[in-house]
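For reference, the structure discussed in these notes is given below.
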Amino acid sequence: MKYILLFLLFTVSNTFYGQNSDEMENPFHQIPEYPDNYDSGNIVSRLIDGLGYRFYWATKDLTDNDMTYKPSDDGKSTLETLEHIHGLSKTILNGCQNKANIRPAEPEEEMTFEEIRLKTLDNFMAAREATLNKTAEDMLELKIIFQRGENKNEFEFWHMINGPIADALYHTGQIVAFRRASGNPTPPGVNVFMGKTKE
């Protein structure tokens, strides 16, 4: 029994050798393997994979100096941009789960940068899982819903692609540019084409 436990410990330690807890806990440090087919849901899921991967590396190891950087006096800081992406991630997840976005949104408890980052990544992961393997017919059932009191507005899911998902990609690119300007460029080895990072 002792030798079995030693073998298991050796196997686990070798499996995760060189990986920190951030990488083990956040699957977007690399894009998951792609699906077997191009069904509608898989395409949306893969699009969110690309967003999650970009966001993961754009926000990895940001410093306090990065957080306060803004391109101009009236521009948004990196932290404010992160908060906006977090809000978009909730809209994306709600749309992928056919849940309403309640307006005005209830204020969240104040979060640290790491908490914002992890919650955003979690939302992206839940959204990609919600759309994975959905058929075209399944996707037709998904709506973007905004509700204010008794008033409810519904939009076709098409708007999710050119709206919140594209917007989140756009702002993630801003973070990449901001951290470069504040002297902390994204880690080398990030390959957004392959979705893998050489460290």
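Among the residues that make up region 66-87, is at least one of them more than 24 Å from PHE157 (Cβ to Cβ) and touching a strand residue (DSSP E or B) at 6+ places or on another chain (Cβ under 7 Å)? The answer is no, given that none of the residues of region 66-87 is more than 24 Å from PHE157 (Cβ to Cβ) and touching a strand residue (DSSP E or B) at 6+ places or on another chain (Cβ under 7 Å). Consider ASP49 carefully, then state whether it is out of contact with any Cys (no Cβ under 7 Å at 6 or more places or on another chain) and either in a strand (DSSP E or B) or in contact (Cβ under 8 Å) with a residue 12 or more places away in the chain (or both). It is true that ASP49 is out of contact with any Cys (no Cβ under 7 Å at 6 or more places or on another chain) and either in a strand (DSSP E or B) or in contact (Cβ under 8 Å) with a residue 12 or more places away in the chain (or both). Scanning region 176-199 for residues that are assigned to a strand (DSSP E or B) and surrounded by fewer than 17 Cβ atoms within 10 Å (Cβ to Cβ) turns up ASN191, LYS196.
Can you work out which of the residues in region 125-175 that are more than 26 Å from LYS76 (Cα to Cα) and of a type in the set (S, T, N, Q) is surrounded by the fewest Cβ atoms within 10 Å (Cβ to Cβ)? Among those residues, the one meeting the criterion is ASN151. If we scan region 143-156, do we find a residue that is part of a helix (DSSP H, G or I) and not aliphatic (A, V, I, L, M)? Within region 143-156 (the criterion being part of a helix (DSSP H, G or I) and not aliphatic (A, V, I, L, M)), the answer is no, since none of the residues qualifies. Looking across region 58-75, the residues that are closer than 20 Å to GLY183 by Cβ and assigned to a loop (DSSP other than H, G, I, E, B) come down to THR59, LYS60, ASP61, LEU62, THR63, TYR69, LYS70, PRO71, SER72, ASP73, GLY75.
Values quoted throughout were computed directly from the atomic coordinates according to the rules given, and no laboratory measurement underlies them. All values reported here derive from a predicted model rather than from experimental measurement. Heads up, the Cβs are rebuilt from the backbone with ideal geometry, glycines too, and the neighbour counts pull from every protein chain shown.
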